[in-house]
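Structure, as structure tokens:
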Amino acid sequence: MSNKFKRILYGGDYNPNQWSKDIWKEDMRIFRDARINSATINVFSWAKLQPSEEEYCFDELDEVVDMLSQDGYDIVLATSTAALPAWMFKKYPEVARTDYQGRHHKFGQRHNACPNSAVYQKYASALVERLARRYADNRHVTCWHINNEYGGACYCENCEKAFRVWLRNKYKTIDELNRAWNLEFWGHTVYEWDEIVLPNALGDGMEDGVNTAFAGLSIDYCRFNSDSLLNNFKMERDIIRRYHKDALITTNLMGTYKGLDYFKWAKEMDIVSWDNYPSYNTPWSYIAMCHDLMRGLKGEPFMLMEQTPSQQNWQPYNSLKRPGQMRAQSYQTIAHGADTIQFFQLRRSAGGCEKFHGAVIAHAGTENTRVFREVKQLGEELEGLGTSTLGSVNQAEVGIVFDWDNYWGLEYTSGPSVDLTYVKQIHQYYKYFYDNNIGVDMIPYDGDFGKYKVIVAPVLYMVKEGMKEALEMFVKNGGVLITTYMSGIVDQSDNVYLGGYPGPLRELAGVWVEEIDALAPEQFNEVVFEDGTKNRCGIVCDIMHLEHAQCVATYGMDFYAGTPAAARNQYGQGSTWYLGSSMDEGGIAKVLEMAVKEAGVAPVLGDGNGLEVTCRKAEGCRYYFVMNFRDKAQEVPASLAGHQNLLTGREVKAGEQMRKFDVRIVKVDD
Ligand code: GLA
Ligand code: ZN
């Protein structure tokens, strides 16, 4: 158990610089009432902190820090480097990014600094140095929040030059690079490093931004861009560390955001934090998966850095969170490993594009609102929980592999189907475990497989060095591996493993895939199980031969009717289950149920059906989080009767009804 906080941080983004001082006082009073104990400040204040190239001014920030310190806040201090002052663009246009279409940007927006601009790096460092020197000794600064939601990409000349250096380090010789990207194709062979061009719309990227002529090049660019932004993060982190030795340093991530290899990032962060903004129709299982992924990045509890108390502004339809929903969603976040609950934001802006974004204090300016009352109720409850759940460990016997190289690779590849999108694919397998309250860790491709009974590696398109051996070892020793179509196809540079799909996994899966059919949305096939039951399948259909594997289901239609659609292969002490087509929910459930049964995996609670249940283990006890996200009322699991519900202090009674958005946190002693 690692416990990084002394209490559950409860608060959020606070921008008092947008308001006059009399409002600040009122804010403090209202926040106190809601048991808010933390504020994230200084996220977008660079222009104020540095009005010109020569001048810095920290007066206002000093006042905010003093005010919060006096009230005993845990301050999450941001570095303000995510939005640059206008003077910088005017004097040094290179700090702006060049976009995919090749247009060089001007002052405006945010999250738009060229990561390889030496000018940006110089001024960001100078600012962070001053902030660190000034505030490192304040014991109320609990956490440093670097920049904000790193993301996007730059295609400027500075980046192009830096990319060539990055490639030289990776490939050493130009021959090796030509080989890796298979540049003989279309006669794209290069002879000098400076002939290499960034993969944007003007080069080998396709106009649409989705496709590319050379996936090897484009994937390397994704890796490079992720590294470039990560270097920006590390630059700031190292400065802060010099002044604040034991600082907790983070930056807010964005769940399944495609642009950055978060597993690589997390290694550089002291704690993972992330911003959770589902829309009105995002499945609960998808939100749960994002939390599990964020926990999985370091295999540790994380911070919820942002969520809206109710409404957003940037989605097409910004519905209100229904009564009780924000509370239930906050507990779902803790249930999956969060140790903080923070909002964007504490007071709603009067102007700018986020004026309709929900906040703890609405435009009405008072605490007399539904949203405030719900924030206050949650604040009181979290205060009541104290430190009990902090640092406790989520229980999981199943690991699902999530890998950014595969994300990029699968989606860059041209054919066989545009409908093969990475996150959607991973989610449909995750959902089975979610629906059955089976704890899952989202793990990297080089994770510690030995900790799990089941490893699920859907669409494992790219098999990188070491992965084949690690998976073979896992299965040989008795593990159960579940993998699918579009796995084992390419190496780290997107070149196909010759000799038949699924390449390096062929021995393990005991199948040879000869052809891959693609089905349009209006088309489908069927999988027929041994007991005669049928389910629909589509997107792709592997036409395969069993080598050592046994058939689990066959196709029901088309010229490959009767041939295997899913197979199980005994390998050493364990087995591999291979799904040759994207089955409907029922089909996936049938295969996974067999695999899970064979592996002896159990749900965290046997009788939680219809409710969401997770388990966090602390010393001497376990906390069961039970939530109802369905419209129908359900009975609390009977096995929890007689144990204490931490939210009320009372014992859970058998037969107790849980309505939609009801929550129990039940403590069970070991
Ligand atoms: C992001 C940003 C915040 C704010 C919110 C609005 O998460 O980090 O600054 O713009 O979105 O939802
Ligand atoms: Zn650039």
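Tabulated data
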quantity: Residue list for segment 550-563, restricted to those being in a loop (DSSP other than H, G, I, E, B) and under 18 Å from residue 510 (Cβ atoms); calculated: 563
quantity: Matching residues in segment 612-642 - criterion: being surrounded by 22 or more Cβ atoms within 10 Å (Cβ to Cβ), aliphatic (A, V, I, L, M) and in a loop (DSSP other than H, G, I, E, B); calculated: 636
quantity: Which numbered condition residue 583 misses (of (1) surrounded by 22 or more Cβ atoms within 10 Å (Cβ to Cβ); (2) over 27 Å from residue 286 (Cα atoms); (3) among the hydrophobic types (A, V, I, L, M, F, W, C)); calculated: (2)
quantity: Flag if residue 84 is of a type in the set (A, V, I, L, M) and within 16 Å of ligand 2 (Cβ to nearest atom); calculated: yes
quantity: Strands (runs of 3 or more DSSP E) (entirely within segment 251-356) containing at least 2 residues that are away from ligand 2 (no atom under 16 Å from the Cβ) and more than 27 Å from residue 411 (Cβ to Cβ); calculated: 302-306, 338-343
quantity: Residues located in segment 643-664, provided they are free of Cβ contacts under 8 Å to residues at least 12 places away in the same chain and surrounded by 15 or more Cβ atoms within 10 Å (Cβ to Cβ); calculated: none
quantity: Residue in segment 138-164 that is nearest to ligand 1 (Cβ to nearest atom), counting only those that are in contact (Cβ under 8 Å) with a residue 40 or more places away in the chain and charged (D, E, K, R); calculated: 149
quantity: Test: residue in segment 288-309 that is within 16 Å of ligand 1 (Cβ to nearest atom), more than 23 Å from the chain's Cα centre (by Cα) and without any contact (Cβ under 8 Å) to a residue 60 or more places away in the chain; calculated: no
quantity: Residue among 39, 86, 82 that is of a type in the set (Gly, Ala, Ser), touching a residue at least 40 places away in the same chain (Cβ under 8 Å) and out of contact with any His (no Cβ under 7 Å at 6 or more places or on another chain); calculated: 39
quantity: Matching option when the condition is among the small types (Gly, Ala, Ser) and farther than 14 Å from residue 149 by Cα, among 266, 288; calculated: 288
quantity: Meets criteria (outside any helix (DSSP H, G or I), modelled with pLDDT under 95 and more than 16 Å from the chain's Cα centre (by Cα)) for residue 365; calculated: no
quantity: Every residue from segment 520-549 that is touching a residue at least 40 places away in the same chain (Cβ under 8 Å) and either of a type in the set (Phe, Trp, Tyr) or assigned to a strand (DSSP E or B) (or both); calculated: 525, 527, 529, 535, 536, 537, 538, 539, 540, 541, 542
quantity: Failed item in (1) away from ligand 2 (no atom under 16 Å from the Cβ); (2) surrounded by fewer than 17 Cβ atoms within 10 Å (Cβ to Cβ), with residue 161 passing the rest; calculated: (1)
quantity: Tally, over segment 80-123, of residues that are outside any helix (DSSP H, G or I) and more than 16 Å from ligand 1 (Cβ to nearest atom); calculated: 18
quantity: Counted residues, segment 70-88 - those being at negative phi and open to solvent by 20 Å² or more (accessible area, probe 1.4 Å); calculated: 6
quantity: Count of segment 188-213 residues which are away from ligand 2 (no atom under 16 Å from the Cβ) and in contact (Cβ under 8 Å) with a residue 60 or more places away in the chain; calculated: 4
quantity: Conditions (1) open to solvent by 40 Å² or more (accessible area, probe 1.4 Å); (2) farther than 15 Å from residue 46 by Cβ: number failed by residue 107; calculated: (2)
quantity: Number of the exception - residue 373 against (1) assigned to a helix (DSSP H, G or I); (2) open to solvent by less than 50 Å² (accessible area, probe 1.4 Å); (3) without any contact (Cβ under 8 Å) to a residue 24 or more places away in the chain; calculated: (2)
quantity: Which numbered condition residue 177 misses (of (1) in contact (Cβ under 8 Å) with a residue 40 or more places away in the chain; (2) open to solvent by less than 10 Å² (accessible area, probe 1.4 Å)); calculated: (1)
quantity: So residue 395, is it surrounded by fewer than 23 Cβ atoms within 10 Å (Cβ to Cβ) and more than 21 Å from the chain's Cα centre (by Cα); calculated: no
quantity: Of all residues in segment 118-146 being crowded, with 24+ Cβ neighbours inside 10 Å and touching an Asp or Glu at 6+ places or on another chain (Cβ under 7 Å), the one that is farthest from residue 194 (Cα to Cα); calculated: 146
quantity: One residue from 230, 217, 202 being more than 24 Å from residue 82 (Cα to Cα) and part of a helix (DSSP H, G or I); calculated: 217
quantity: Count - residues of segment 222-256 that are open to solvent by 10 Å² or more (accessible area, probe 1.4 Å), within 16 Å of ligand 1 (Cβ to nearest atom) and in contact with an Asp or Glu (Cβ under 8 Å, 6 or more places away or on another chain); calculated: 1
quantity: Every residue from segment 564-598 that is touching a strand residue (DSSP E or B) at 6+ places or on another chain (Cβ under 6 Å), under 16 Å from residue 457 (Cα atoms) and part of a helix (DSSP H, G or I); calculated: 591, 595
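Table: residues versus (1) of a type outside the set (Val, Ile, Thr); (2) within 16 Å of ligand 2 (Cβ to nearest atom); (3) more than 25 Å from residue 65 (Cβ to Cβ).
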position	(1), (2), (3)
119	no, yes, yes
126	yes, no, no
132	yes, no, no
136	yes, no, no
141	no, no, no
153	yes, yes, yes
156	yes, yes, yes
166	yes, yes, yes
175	yes, no, yes
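The values are calculated or read from the model by the stated rules, or taken from the named source; none is laboratory data. All figures in this text were calculated on a predicted structure; none of them were measured in a lab. Cβ coordinates were reconstructed from backbone atoms using ideal geometry, including for glycine residues, and neighbour counts include every protein chain displayed. Heavy atoms of the whole protein, side chains included, go into the accessibility calculation; ligands, DNA and RNA do not. Shrake-Rupley method; radii C 1.70, N 1.55, O 1.52, S 1.80 Å.
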